[in-house]
Amino acid sequence: MHATPARLLGELGAALLDAGVSVTDVATSLDHAAARHGAGRLHFSVLPELVMTTEPASGSTIVVQASGEQLTFAQAASVNRLARRVELGTVPLADIAARVAAIRSVVRPLAGLKWTLGTALLALGLAVLFRCPWWAVLLAFFAGAAVGVLTWLMDRIPGAAAIAPFVTAFVSTVAVGATAAALGTGTVPLFAVCAPVAILVPGALITNALLELTATDIVTGSARLMYGLIVLGFMAAGIAAGGALTGLRVDPDSVALVGHAAQATALGPGWQQLPPLWFSWVGVVVLALGIGLAFGSGRALNLVNVVVMTGAYALLTALTPLVGSVTAVGITAGCLFIAARLIERLTLAVPATVSFQPAFLLLVPGTVGLVALATFEPDALVAALLTFASLCIGTKVGAVLSELAMRPLPVRAGTG
C-alpha cells in the first residue's frame, strides 16, 4: 500500500527535526510543501520529537516519531536540500521516504575519533580567539580532547548521558584548576574554564527556544528552554565543584564576548603571555574547523564554516566599539541570516540553516551564562540575557527582511 501524503510529509518533518530545525520552521516548510503538491488541507502540529499530521476531511491524525539521533551537518544539509526541493515541486512526495532513508543510512567513518579531535580543536580555537594565556591555550586542547572522549563514551552507556554535562565540566575544571595551582597563575581567564566544555553548552538550544516562544510555539519553546537551563545547571554545578576542589578562581575582568577580545591583558611573563591580537583570526579558523569535524560538515561545508565564521568575527569586531557588544550581536545575527538566505537562494547546495549554525555558535553567549551561574556573577548573567534577546531579535528581523526581499529560484537541472 502506498504511503499517504500525510505520512510522507510527516517523515520529512521528522528528518528536519533530527537535523536541528526549529518546530516553527518545520511546520512552515511542511505547509509550503503540502500547498505545492495539492495537499494544502493538511494540518501539521510539530513537537520536538514528533510530527502530527491531521486530515480535516476525515479527522484522522498520523503521528511520525523523530529518531532522536542528531544528524551530522552534512546529513542535515541533505535533509534541508530535500525539503527545499519538495517545497519547490521538483521532488515528488512519493520520493520522500526513499530519500530520507538514504540520508539516514549514511555511516560516518571514525566518528569517535573525529568527534574527539573536533572537540579539542574547538576548545583550542576558542582559547586563542578569546586570548587566553599560552598555558591555557595548550591546556584547552588536551582538556577538550578529554571532554570529547568522556562524552563519546558516556553517550553509549544507558542513563549516563544525563549526567555527562556535570561529569565533563567537573573533570575539565579540575584539570584547569590543578594546572593553574601548579603554575601559580592566581586567577584564571574565563575561557580557560569554558573552552574545553563549550561544545556542550546549549546556547543554540536556548536561543532556538526563545525564538519558538516568540513564534507562539509555547509548549516546545518552554520545554527546550527548561531542558537547556537544566543542562546549564548541571554544567555550572560541575564547574563549581571542580573549582571548590582545586581552589580555582575565575578572573571577573577576563574577556567574555567576542568583541572584547582586544581588551585582554597578560597575567605575567612566559607562558602567561597572550597570543598576539592578529592570532585571533587563526583561532576563528581553528574553531570553524573544529565545529565542522565534530559535527560532520564535510569538506565543502567546512569551507563555508570558515568563510561565514570569519565574516561573523569581522563584523562583531568592527561593530562592538561603535554600538556596544549587545547591539553588535543582534546586528551581526541579522546580517548573517540574510547572507545565509542569499547563499541558499543562489545554490541549494548550502541550506541557510546549515551555513548559519556554526556562526550561530560563535554569537551565542551561553558560556557567559554558564560561568555566571557557577560564579554567581550577576553582571555576567544580565549581559548573557541581554545578548540572548539581541540575538533573537536580530535573527527574527533578518528572517523577515530576507523573506520580503528574496524569492526562491527554481532548481537548475543536474543539481539533484
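The values are calculated or read from the model by the stated rules, or taken from the named source; none is laboratory data. Every value quoted in this text rests on a predicted model; they were computed, and no experiment measured them. So basically every Cβ, Gly included, is an ideal-geometry build from the backbone, and we count neighbours across all protein chains shown. With ligands, DNA and RNA removed, areas are computed over all heavy atoms of the protein, side chains included. Shrake-Rupley method; radii C 1.70, N 1.55, O 1.52, S 1.80 Å.
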Checklist entry - Being touching a residue at least 24 places away in the same chain (Cβ under 8 Å), farther than 14 Å from Leu30 by Cα and open to solvent by 60 Å² or more (accessible area, probe 1.4 Å), is that true of even one residue in the range 69-83? => result yes
Checklist outcome for this item: Scanning the range 8-25 for residues that are closer than 17 Å to Arg99 by Cβ, among the hydrophobic types (A, V, I, L, M, F, W, C) and within 17 Å of the chain's Cα centre (by Cα) gives Leu16, Leu17, Ala19, Val21
Checklist outcome for this item: Residues in the range 189-245 that are among the aliphatic types (A, V, I, L, M) and in contact with a Cys (Cβ under 6 Å, 6 or more places away or on another chain) total 3
Checklist entry - Using beta carbons and a limit of 7 Å, which pairs, at least six apart or on different chains, have the first residue in the range 214-235 and touching a residue at least 60 places away in the same chain (Cβ under 8 Å) and open to solvent by 30 Å² or more (accessible area, probe 1.4 Å) and the second one among the small types (Gly, Ala, Ser) and part of a helix (DSSP H, G or I)? => result Arg224/Ala209
Next on the checklist: Restricting to the range 164-192, name every residue that is touching a helix residue (DSSP H, G or I) at 6+ places or on another chain (Cβ under 7 Å) and of a type in the set (Val, Ile, Thr).
Outcome noted: Val167, Thr168, Val171, Thr173, Val174, Val176, Thr179, Thr185, Val188
Checklist entry - Out of Leu315, Leu303, which single residue is free of Cβ contacts under 8 Å to residues at least 12 places away in the same chain and over 17 Å from Thr119 (Cα atoms)? => result Leu303
Item to check | Per-region count, the range 101-113, residues of a type in the set (A, V, I, L, M, F, W, C) and either on the phi > 0 side of the Ramachandran plot or in contact (Cβ under 8 Å) with a residue 12 or more places away in the chain (or both) | outcome: 4
Item to check | Val107, sole failed condition from (1) out of contact with any Asp or Glu (no Cβ under 8 Å at 6 or more places or on another chain); (2) aliphatic (A, V, I, L, M); (3) part of a helix (DSSP H, G or I) | outcome: (3)
Next on the checklist: Only one of Arg99, Arg156, Arg104 is open to solvent by 20 Å² or more (accessible area, probe 1.4 Å) and at pLDDT below 85. Can you tell me which?
Outcome noted: Arg156
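How many residues are within 19 Å of Val107 (Cβ to Cβ) and part of a helix (DSSP H, G or I) when one looks only at the range 49-81?
From the range 49-81, those within 19 Å of Val107 (Cβ to Cβ) are 67-79; that's our starting set.
Among the residues that remain, those that are also part of a helix (DSSP H, G or I) are: 73-79.
Going through the range 49-81 one residue at a time, the tally reaches 7.
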Checklist entry - Are any residues in the range 49-68 open to solvent by less than 50 Å² (accessible area, probe 1.4 Å) and under 14 Å from Val26 (Cα atoms), and if so, which ones? => result Leu50, Val51, Thr53, Val64, Ala66
Item to check | Output for the range 290-300, where each listed residue is crowded, with 23+ Cβ neighbours inside 10 Å and over 19 Å from Thr151 (Cα atoms) | outcome: Ser297
Next on the checklist: Taking the conditions exactly as written (surrounded by fewer than 20 Cβ atoms within 10 Å (Cβ to Cβ), touching a Pro at 6+ places or on another chain (Cβ under 6 Å) and either within 30 Å of Pro202 (Cα to Cα) or not aromatic (Phe, Trp, Tyr) (or both)), does Ala35 satisfy them or not?
Outcome noted: no
Checklist entry - Do any helices (runs of 4 or more DSSP H) entirely within the range 114-197 hold 3 or more residues that are free of Cβ contacts under 8 Å to residues at least 60 places away in the same chain, and if so, which? => result 134-154, 164-183
Checklist entry - Looking only at the range 91-104, which residues are assigned to a loop (DSSP other than H, G, I, E, B) and not hydrophobic (A, V, I, L, M, F, W, C)? => result Pro92
